[in-house]
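Let me begin by presenting the structure, written as C-alpha cells, before commenting on it.
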C-alpha cells in the first residue's frame, strides 16, 4: 500500500478536487472525506481546516510541486479534497 500510488489512482478514478479554492468550497459543502495539504501550503488554509468524524486530514511531506507530481499532474497542487476515492484505498491512510 503506497500513498503516492493510491493518490494517483484516486485522482484517475475518483472524484478529487485540486487547489485551495476548490478544497475550501468542498469542505464548506461537507463533501470532503479527506484533505491533503502540501508541506508548503498556505498557513491561512491550514487554520481554516478542522478535522471531524466525516473528514480526515493528511499532511503531505513534500512541496506543492511534489504533490502535483504524486497526483500525476504537470503543475503544483498545494491542497486537494477527496470526495470519492474511486478504485483507490486512499481513505485507509488516516493521518492528521
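Treat the count of other C-beta atoms within 10 Å as a stand-in for reagent exposure and order 56, 92 from fewest to most.
Least crowded to most crowded, the residues run 92, 56.
Can you sort 77, 83 from fewest to most other Cβ atoms within 10 Å of each residue's own Cβ?
By the 10 Å Cβ count, ascending: 83, 77.
Our helix-only sum for the chain, with -39,500 (n - 2.57) per DSSP H run of n ≥ 4 divided by its residues, gives a mean residue ellipticity at 222 nm of -10000 deg cm²/dmol. Overall, the anisotropy analysis places the range 31-71 in the oblate class: the square-rooted eigenvalues a ≥ b ≥ c of its C-alpha gyration tensor yield a/c not less than 1.5, with a/b not exceeding b/c. Of 15, 40, 52, the residue with the greatest mean-square motion in the GNM of the chain, using alpha carbon springs below 10 Å, is 52. From the coordinates of this entry, P(r) over Cα pairs in 5 Å bins from 0, in percent is computed, and it appears in [x] 3, 15, 32, 27, 17, 5, 0; [y] 3, 15, 29, 29, 19, 5, 0; [z] 2, 11, 14, 13, 10, 7, 6, 6, 8, 11, 8, 4, 1, 0 under the label [y]. If both residues of a DSSP beta bridge must be in the chain, then about 70% of such bridges are antiparallel.
Between residue 48 and residue 92, the simple spin-label model (points 7 angstrom out along Cα→Cβ) gives 3.3 nm.
Counting beta carbons within 10 Å around each of 18, 91 and listing the fewest first gives the order 91, 18.
Each reported figure results from applying straightforward, stated rules to the coordinates on display, with no laboratory input. Treat the numbers as computed from the prediction; the structure is a model and nothing was measured. Positions of Cβ are generated from backbone atoms using ideal geometry, with glycine treated the same way; all protein chains shown enter the neighbour counts.
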